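Trainee: Got a structure for you, written out below as structure tokens; questions coming shortly.
The values are calculated or read from the model by the stated rules, or taken from the named source; none is laboratory data. Because the structure is predicted, anything quoted here is derived from the model rather than measured. In this analysis, Cβ positions are derived from the backbone assuming ideal geometry, glycine residues included, and neighbour counts consider all displayed protein chains.
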């Protein structure tokens, strides 16, 4: 009767019957019933009690393979497992070779990751991936563990077979888009988000979709998504920043400058209490928008003064930006290091994808620093044009500390020299830029001073 109730899902009644049956039974019969009680607790998703019960049974009978499997299943879903760490490590030692089913391997790997044992987890995941499970539920579960182990490419492969894609719900599709975004597969991420994100989706999903469109240079569509979103969240700084970046990246510099100016003159962020110019995205956005506006201003009349271009507040913000240059640089460096530390913390020499992911992340971080150096150079140009020559040299000097051969920075510097009438100092820099397109020659001896 209790077995039938368990099969029907009437777990409470089944437990009550099993407990009654244990009374007065022989020890061998009691052990079998206790095994069934542990199973019912697991089936009913009472994972903490199931974990405890399986642990007690294993202390009495550690040769029972079925108990180890139940213990593993319970531990993979229980909210807390540290108090069972010793027995869980025994589980790994005893059963890692015996487990062959990809779902069981996946769950044991997840337990090891939760116990901060990546060296034990990665070989299990490699075996689970090699098994190439067919069932969508198993592939989705394995993908979740792979993602937590930072093995995103394999997680994506698990989720993108036709059968699995057809089974993904909205949350799972959004998670897939997150993985694709993290791997810079932006076109694929956009395609998946387009299937599920609507005007009634949550704020985070709509922001993600708008961001992906922006990164994919779909500026008109990005503006459309973000402007509709802004109607629902009219003072949301994240949405306003993305809209400003959309104008900047689409080279609508005058609008971008107006939007970034609204940020930098509005005072400290209400949440962080920080000056907007202390935020790298805000600092770079304002400088790049101002520099782009100068380029538009000089396109038709190269020699005209930029005095009428900037308001008093914008000019003050340009000068003030130098005060935050070091802060922005240090935050960017710290962010890069934090990302690398995170990768190395979950990675392990037994993770076959670790070295490749380290190279990709390092290239991404190097590009970020080169882009920041370019913005520092643009600040040097702006400061020179508004008459702050000493500050201009300081900004150029800071930019060239990152990359002495950064052509963008040298180009901004030589444009500043030309605008200030210092053609003799500009000539060797122009010569270097023209004769050295691939950075094979040492940088010019001329330097900001």
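Trainee: Can you tell me which residue in segment 391-431 is farthest from residue 329 (Cα to Cα), limited to those that are surrounded by 17 or more Cβ atoms within 10 Å (Cβ to Cβ) and at pLDDT below 85?
Mentor: For segment 391-431, the residue satisfying everything is 419.
Trainee: Let me ask something else. Quick check on this structure: which one of 314, 284, 337 is free of Cβ contacts under 8 Å to residues at least 60 places away in the same chain and closer than 21 Å to residue 251 by Cα?
Mentor: 314
Trainee: Here's a follow-up. Can you tell me which residue is modelled with the highest pLDDT among those in segment 298-329 that are surrounded by 15 or more Cβ atoms within 10 Å (Cβ to Cβ) and not in a helix (DSSP H, G or I)?
Mentor: 310
Trainee: Among the residues of segment 79-112, how many are crowded, with 19+ Cβ neighbours inside 10 Å, within 28 Å of the chain's Cα centre (by Cα) and more than 21 Å from residue 159 (Cα to Cα)?
Mentor: Count: 3.
Conditions (1) assigned by TED's automatic domain parsing to the domain that holds residue 294; (2) assigned to a helix (DSSP H, G or I); (3) farther than 13 Å from residue 322 by Cα, marked per residue:
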{"site": "352", "(1), (2), (3)": "yes, no, yes"}
{"site": "359", "(1), (2), (3)": "yes, yes, yes"}
{"site": "365", "(1), (2), (3)": "yes, yes, yes"}
{"site": "374", "(1), (2), (3)": "yes, yes, yes"}
{"site": "381", "(1), (2), (3)": "yes, yes, no"}
{"site": "384", "(1), (2), (3)": "yes, yes, no"}
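Trainee: With the condition being within 27 Å of residue 309 (Cα to Cα), out of contact with any helix residue (DSSP H, G or I) (no Cβ under 8 Å at 6 or more places or on another chain) and assigned by TED's automatic domain parsing to the domain that holds residue 335, I'd like the helices (runs of 4 or more DSSP H) fully within segment 207-282 carrying at least 1 qualifying residues.
Mentor: On the way: elements: 219-232, 237-249, 253-264.
Those helices (runs of 4 or more DSSP H) span 253-264.
Trainee: Given (1) surrounded by fewer than 16 Cβ atoms within 10 Å (Cβ to Cβ); (2) at pLDDT 90 or above, where does residue 374 come up short, assuming only one miss?
Mentor: (1)
Trainee: Residue under question is residue 184, and the condition is that it be modelled with pLDDT under 95 and closer than 20 Å to residue 355 by Cβ; does it hold?
Mentor: Yes: the conditions hold for residue 184.
Trainee: Going residue by residue through segment 117-137, is there one that turns out to be buried (at least 17 other Cβ atoms within 10 Å of the Cβ) and under 26 Å from residue 201 (Cα atoms)?
Mentor: So far as segment 117-137 goes, yes, one or more of its residues are buried (at least 17 other Cβ atoms within 10 Å of the Cβ) and under 26 Å from residue 201 (Cα atoms).
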